[in-house]
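Written out below as structure tokens is the structure these notes cover.
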């Protein structure tokens, strides 16, 4: 009971960060539970994995998907130095301040800027993607019930459709897709498409795990601090309950004239 209460306390603190889509889950298959470093009440993020996941996002996912709630300076929390963050930000362009004539021009991004969207607007995004607007990934891990497990399953779940099933043009079969078996996103990952510098396997499985962990962090960057706070609160409550119990026994012993047992 105490363990369940502790877990609820730790997890509900971040529930307001994102809300699940109103659309029903119609996936043909449910994701299998994976082992993650951040699972459980004492789990923590693996910064090396988060940096690899960011590399996968930047090299593959950023072409279509934004991170509108993540600022470049936030990357310091996963181990990047100020110099590295400046260099990463400079690879992107954002809208600057209006000039004297009211014209707005692009400028290199700075650490305080947020990741820009890959398209100017939804219409441009739909035009470039056969009518589908790629989702922003900032809160994706909180917008799906299975979180990182869902992202991992989706990225590794592409396969030929079963016999007799027809998938429309510009759609692909993925039984883990939350809203039907046909997804408008082509399989994004392939072996050896992202060059890791730390010797980690350059496989679809590893890429999927790393970017899933990274997107869990973007959706819940304060998880570790929240868990530490929750544990401290629970320890305090347990100590307080013990002191209250001892005090109660002492008070009633004084009233009855008996020594507390």
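All of the numbers you see were taken from the coordinates with simple rules; none came from a lab. In this text the structure is predicted, and so the values were computed from the model without any measurement. So basically every Cβ, Gly included, is an ideal-geometry build from the backbone, and we count neighbours across all protein chains shown.
Building the convex hull from the alpha-carbon atoms of segment 163-261 and averaging its projection over directions returns 14.4 nm².
Taking 7 Å steps out from each Cα toward its Cβ at residue 127 and residue 250 produces label points 7.7 nm apart. For the chain, the equivalent ellipsoid derived from the alpha-carbon gyration tensor has semi-axes of 43, 26, 18 Å in decreasing order. Distance from the C-alpha centroid of segment 175-228 to that of segment 64-111: 23 Å, rounded to the whole angstrom. Normalised by residue count, segment 18-111 yields a Cα convex hull volume of 182 Å³ per residue.
Between 28, 237, 154, the residue with the greatest mean-square fluctuation in the GNM of the chain (Cα pairs under 10 Å linked by springs) is 237. Its DSSP H runs of at least 4 residues, each contributing -39,500 (n - 2.57), put the calculated 222 nm mean residue ellipticity of the chain at -12500 deg cm²/dmol, to the nearest 500.
To the nearest 10 degrees, how steeply does helix 204-219 sit against the main Cα axis of the chain, on a 0 to 90 scale? The answer is roughly 60 degrees. Between residue 83 and residue 28, full extension at 0.36 nm per residue minus the direct alpha carbon distance yields a gain of 15.3 nm. Compactness of segment 87-237, taken as the C-alpha radius of gyration over 2.2 N^0.38 Å, stands at 1.35.
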